[in-house]
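The values are calculated or read from the model by the stated rules, or taken from the named source; none is laboratory data. For clarity, every value in this text was computed on a predicted model and none was experimentally measured. Methodologically, a virtual Cβ is constructed for each residue, glycine included, from the backbone with ideal geometry; neighbour enumeration extends over all protein chains shown. For accessibility, only protein heavy atoms count, side chains too; no ligands or nucleic acids. Shrake-Rupley method; radii C 1.70, N 1.55, O 1.52, S 1.80 Å.
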Amino acid sequence: MFTTIIKSIESLIISHTSLAVFLGCILEQIIVPIPASLIVVSSTFVILKGTSFSLAALGTLFIKIIIPASLGITLGSLVYYALAYKLGMPFIERTGKYLGVSVQDIESVGKKVDESRYDELFIFLARCFPVIPAIAVNLFCGIIHYDLKKYLIITFLGSAVQILGWGLLAWFSGNVYMILEDKIAYIGNIITVIIILIVIYFIIMKKREMKRKK
């Protein structure tokens, strides 16, 4: 039954991969505490598991995963960008504890941007390597009224680089899993048998001990 459920979920993901990734990444940016990396890794694992490296497979990764995910992240990030743009720092002061970000976090991003030579490069790298929480970057760009066109382009491209990394990792991991799947199953069966034998042994020993006491 469990196997059937897993296969059903896999079929659903395969049938609606792009839409699921797109919507998942939008929600991840707004309300759902599920990392975009988890959405990307799980979806890539399902659709490319066991697929050899080729330009066609790489194209599938871009079309079904990278582009929808990057679009989803970009559109989802606009929510807090727009709120910060319109309401400013008071919005963060009132809602920061619910969003998991503080005024100090935004000020920290501001200091790092000031220290960098190129604002665009810093924001791009912040999207590529999410050491800084994405929501902090979104809010900061909104507060300083960062150019919307630049914001959209940099967010999309930076997110695409990050998603490509997660996608390739999932693809490679899926292929390794396929190679080791039989061995993993074999080892799992051995461990299961050993556990069963240990349980039987303790049951027998327990019964013998109880007979001796009688």
Worksheet item: If you check Tyr98 against the conditions, is it assigned to a helix (DSSP H, G or I), more than 15 Å from the chain's Cα centre (by Cα) and either buried (at least 17 other Cβ atoms within 10 Å of the Cβ) or at positive phi (or both)?
Response: no
Worksheet item: Is there a residue in the range 182-204 that is within 30 Å of Lys64 (Cα to Cα), at pLDDT 90 or above and either open to solvent by 70 Å² or more (accessible area, probe 1.4 Å) or in contact with a Lys or Arg (Cβ under 7 Å, 6 or more places away or on another chain) (or both)?
Response: no
Worksheet item: Under 7 Å by Cβ, and 6 or more places apart or on different chains, what pairs join a residue from the range 81-103 that is without any contact (Cβ under 8 Å) to a residue 24 or more places away in the chain with one that is open to solvent by 90 Å² or more (accessible area, probe 1.4 Å)?
Response: Val103/Glu93
Discussion item. Looking at the range 121-143 only, could you name the residues that are open to solvent by 70 Å² or more (accessible area, probe 1.4 Å) and either over 20 Å from Gly158 (Cβ atoms) or assigned to a helix (DSSP H, G or I) (or both)?
Written reply: Leu121, Leu125
Item to complete: Quick one: in the range 54-95, of everything that is within 23 Å of the chain's Cα centre (by Cα) and hydroxyl-bearing (Ser, Thr, Tyr), which residue is surrounded by the fewest Cβ atoms within 10 Å (Cβ to Cβ)?
Response: Thr60
